Amino acid sequence: MGQGGLGLASDAERGQTGANVRLLLAFALIALPYQASVALQERFAPESPVGPALMLVALLACLPAAWIVRGSRFSAFGLGLKRGWWLLLFATLCVAFLARLATILAGLWLGWAATSAPSPLPGAVGIAALLAITFIPSLVEDVMTRGIPLASRLYRSGLLRFAAISAVLYTANHLWRFDWGVSEQVRLMCMGLAYAAACWRWRSLWAAVGLHWGWNLANALSGAVWPVEWADETAMRLAALMQVPSVFVMTHDSIGLGEDGPTHQPVEHLAISRATPNTYVFRPADTVETAEAWEIALSSKKTPSVLSLTRQGLPTVRLEHKNKNLTEQGAYVLADAEGKRQVILIATGSEVEIALKARDLLQAEGIGTRVVSMPCMELFAAQDEAYRRRVLPAGPVRVGVEAAVRQGWDRWLTGERGKWNKADFVGMDRFGASAPAEELFEKFDITPQNVADKAKALL
């Protein structure tokens, strides 16, 4: 009776089991540093150099992985340097690069997508770095998801089986994107099928590497692209995360928009923007502060800027020339108290005018009032304590004035030497309404008289 009749594995079965174990070991050897690298760069520590270093470890791990699989070098994964390999790599690179650019341009032209381009890379060094940071991850991932199936001789089972298994591996390898939704998984499957088909057609991993590299290179050069409905939120968040100094101009800053109604009056957007890390949020009071905000935004190296601008006709409140960019300080004294300082009014944007009128009312009653214009909270928070103390000293009553929700204001009203029982806010606690701007400010009590009354009630 043969071994099979006794339930023992044949030599062929044992050999296949050993081959499968070696394939799994090779996959794990590459996948562990690769996944750790992606996790750090996409989720946990995007600025840390450990992520890119782990990607290099994953690349180096391909050599022992190839030896484990077949006792050879990269040729085990279909990366042999046969005649014309570089031509195949270059041709597929160009095809994918041009195809990706075509989809980007078509999406932008049809209004289906929006994009934010990164800062241009400097010179030859920057270009070389861009080529490297797009090539290495593409190569490593292709070795895992298509090279190892090639090494297993899976391609001999036919295109459909090889492409399906390879595409599943490719999709599963993007585990840090599983929360992106079903559409992302479908897209990854389709791309995985295309890469695998090219690999099977030419029996070379260089075909898949070229397509993968070209696609990623086009993405890096063109900036991130999203469905247009994600554009505002996603572009702002990713710009902050990726340290891309983009400038986002918002032309609907408050209830001052007027008749378009609450759907177009973003009473909550300032708070959302200010809650985003690594973001400057500017709400200038006049043309002078707007120009200063633009100067800061255009000179920023790693921080995106949001310019929240009004649709109202506002007067110029900065009437004295200053050589210094005062907006760069985040907040500054626009009008100081006459006599003993009892009240500090802090305002942004179109409400600075209201604060100045409220000051006139209070000063007429002998109540010394300072007006502080605060066009950028983030820049003011970055100033040294001595400057912040000069602008917001302890003692006086503080009232914040902004035609938006209060979130984000308490640091300046009750913190920074302020007190809960000597602080108040004039703004929005609900959505707006449809009416002329002047009527809306009256309806929601964002008026000089109400600001003055709030201040007096705290004295």
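The values are calculated or read from the model by the stated rules, or taken from the named source; none is laboratory data. If you're wondering where the values come from, they're calculated on a predicted model, not measured in any experiment. Note that each Cβ is placed from the backbone with ideal geometry, even for glycine, and that neighbours are counted across all protein chains shown.
The condition of being at pLDDT below 95, crowded, with 17+ Cβ neighbours inside 10 Å and of a type in the set (Ser, Thr, Tyr) holds for only one of Thr327, Thr276, that being Thr276. How about the range 175-199: which of its residues are exposed (fewer than 14 other Cβ atoms within 10 Å of the Cβ) and farther than 24 Å from Gln41 by Cα? Passing the criteria: only Cys190. As a summary of the residue check, Gly313 satisfies the conditions (1) outside the structural domain of Lys454 (by TED's automatic domain parsing); (2) under 30 Å from Met242 (Cα atoms) except for the one numbered (2). Within the span defined as the range 1-14, every residue fails to be modelled with pLDDT of 80 or more and not small (Gly, Ala, Ser).
What strands (runs of 3 or more DSSP E) lie completely within the range 336-407 and have 1 or more residues being over 26 Å from Val267 (Cβ atoms) and outside the structural domain of Ile272 (by TED's automatic domain parsing)? Fully inside the range 336-407 and qualifying: 341-347, 368-373. Among the residues of the range 278-294, those that are part of a loop (DSSP other than H, G, I, E, B) and of a type outside the set (Gly, Ala, Ser) comprise Asn278, Thr279, Arg283, Pro284, Asp286. Pick from the range 235-266 the residues that are of a type in the set (Ser, Thr, Tyr) and surrounded by fewer than 16 Cβ atoms within 10 Å (Cβ to Cβ): which of them is nearest to Pro375 (Cα to Cα)? This residue is Thr251.
Within the range 256-267, residues that are closer than 14 Å to Leu309 by Cβ sit with their Cβ atoms under 7 Å from residues that are among the charged types (D, E, K, R), at 6+ positions apart or across chains, in these pairs: Gly256/Arg311; Leu257/Arg311. For the range 417-451, residues that are under 30 Å from the mean Cα position of the chain (by Cα) and either surrounded by 14 or more Cβ atoms within 10 Å (Cβ to Cβ) or among the hydrophobic types (A, V, I, L, M, F, W, C) (or both) total 4.
Every test in (1) buried (at least 16 other Cβ atoms within 10 Å of the Cβ); (2) under 19 Å from Pro137 (Cβ atoms) is passed by Ser48 save one, and that test is (1).
Looking across the range 33-62 at every residue that is polar (S, T, N, Q) and part of a helix (DSSP H, G or I), the one that is modelled with the lowest pLDDT is identified as Gln41.
Determine whether the range 278-285 contains at least one residue that is among the hydrophobic types (A, V, I, L, M, F, W, C), out of contact with any helix residue (DSSP H, G or I) (no Cβ under 8 Å at 6 or more places or on another chain) and not assigned by TED's automatic domain parsing to the domain that holds Ser373.
For the range 278-285, residues among the hydrophobic types (A, V, I, L, M, F, W, C), out of contact with any helix residue (DSSP H, G or I) (no Cβ under 8 Å at 6 or more places or on another chain) and not assigned by TED's automatic domain parsing to the domain that holds Ser373: absent.
Among Ala404, Ala435, which is the only one that is of a type outside the set (Ser, Thr, Tyr), touching a residue at least 40 places away in the same chain (Cβ under 8 Å) and in contact with a His (Cβ under 8 Å, 6 or more places away or on another chain)? Exactly one residue qualifies, and that residue is Ala404. Is there a residue being part of a helix (DSSP H, G or I) and over 16 Å from Trp215 (Cβ atoms) anywhere in the range 136-144? Checking the range 136-144: at least one residue is part of a helix (DSSP H, G or I) and over 16 Å from Trp215 (Cβ atoms).
For the range 400-415, does any single residue satisfy the condition of being more than 21 Å from Thr276 (Cβ to Cβ), in contact with a Pro (Cβ under 7 Å, 6 or more places away or on another chain) and buried (at least 20 other Cβ atoms within 10 Å of the Cβ)? Within the range 400-415, not a single residue is more than 21 Å from Thr276 (Cβ to Cβ), in contact with a Pro (Cβ under 7 Å, 6 or more places away or on another chain) and buried (at least 20 other Cβ atoms within 10 Å of the Cβ).
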